[in-house]
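Read the figures in this text as sums done on the coordinates, not as results from a lab. Quick caveat: nothing in here was measured; it's all calculated off a predicted structure. Cβ atoms come from the backbone with ideal geometry, glycine included; neighbour counts cover every protein chain shown.
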Amino acid sequence: MKRFTKVCLWIFGVCMILGLLLGSVSWALGFRGWRAARWRDGDLEEIYEKVEGDIRGLELHVQAGSVVVKEGDEFAIIGKTEGKPLRSVVEDGIWKLSAEEPDYKDGSAIGGFYVDNEGVYWKAGLGEVHITVPAGVTLEEVSVDVEAGGVEIHQIACRNMDVDLKAGSAEFHADVKERLRAECQAGEIRGFLAGSREDFDLDLECSVGSVTVGGSTWAGLFMDEEPENSSLKRLELSCEAGNINLDFYEEE
């Protein structure tokens, strides 16, 4: 044990020295720290672009920035910041909305961050898009794929929901009728599901992150939970790093 402790302290010392060295070099090259503010300053512009078609599903793909989903009268884009790269199309009954990365000219993208000589910016701050989904509509499928940045869903109803988070964050209030599948590689998935813990059967794999469902937490190395009752709704959760936190609320 003493030898293990010495090795840990030695590794810590080396990492600290390297960190100080890299910090000094980056400061000399013009780096001035983390930027909490938006990289592209700009107010959210109120717009209204109705999305036509027989929409039965929603697919969100976020490479940078954030997408906010609210209840409304119809499917529509209701606001976005200026210059936000956005692709919106309806294919086979699925509304596919992609918040793409900006054209980096003076810096580069690394994982969930944008880096230039002025600092490091969260990709979640690289623009914002607001959309609406009709209240009272139950979609067949909702798919959320976040490479960096974030997705925030205020309220949605669907039969099946898939959340894939590579970096950044995903937060939602959802009435899921059959199955929720969530996979977290890094970052945080936070969800509130209609019903109670007893309504869902749990299929869980956790590597080095943590998973909390209704107040019960699985954390540590390679923990899992097998499903028991196939007649219940299903939670399929996989967490490599970061954390998944799910809780429940009673339907009104």
Val137-Glu100 FRET efficiency (beta carbon distance; Förster radius 22 Å; 0.05 resolution): 0.25
Quick note, the stretch 137-252: a/c under 1.5 would make it rounded; otherwise a/b > b/c is prolate and the rest oblate (a ≥ b ≥ c, C-alpha gyration tensor); here it is oblate
Total charge of the residues flanking Lys50 in space, meaning their Cβ is under 13 Å from its Cβ, with Lys and Arg +1 and Asp and Glu -1, is -4
Karplus couplings for the stretch 196-210 from phi (6.51 cos²θ - 1.76 cosθ + 1.60, θ = phi - 60°), rounded to Hz, Gly and Pro as x? 9, 4, 5, 7, 10, 9, 10, 10, 10, 9, 9, 8, 10, x, 9
Order by neighbour count: Cys239, Cys184, fewest other Cβ atoms within 10 Å first, most last. Cys239, Cys184
If the chain between Thr212 and Ser230 were fully extended at 0.36 nm per residue, the gain over the current Cα-Cα distance would be 4.4 nm
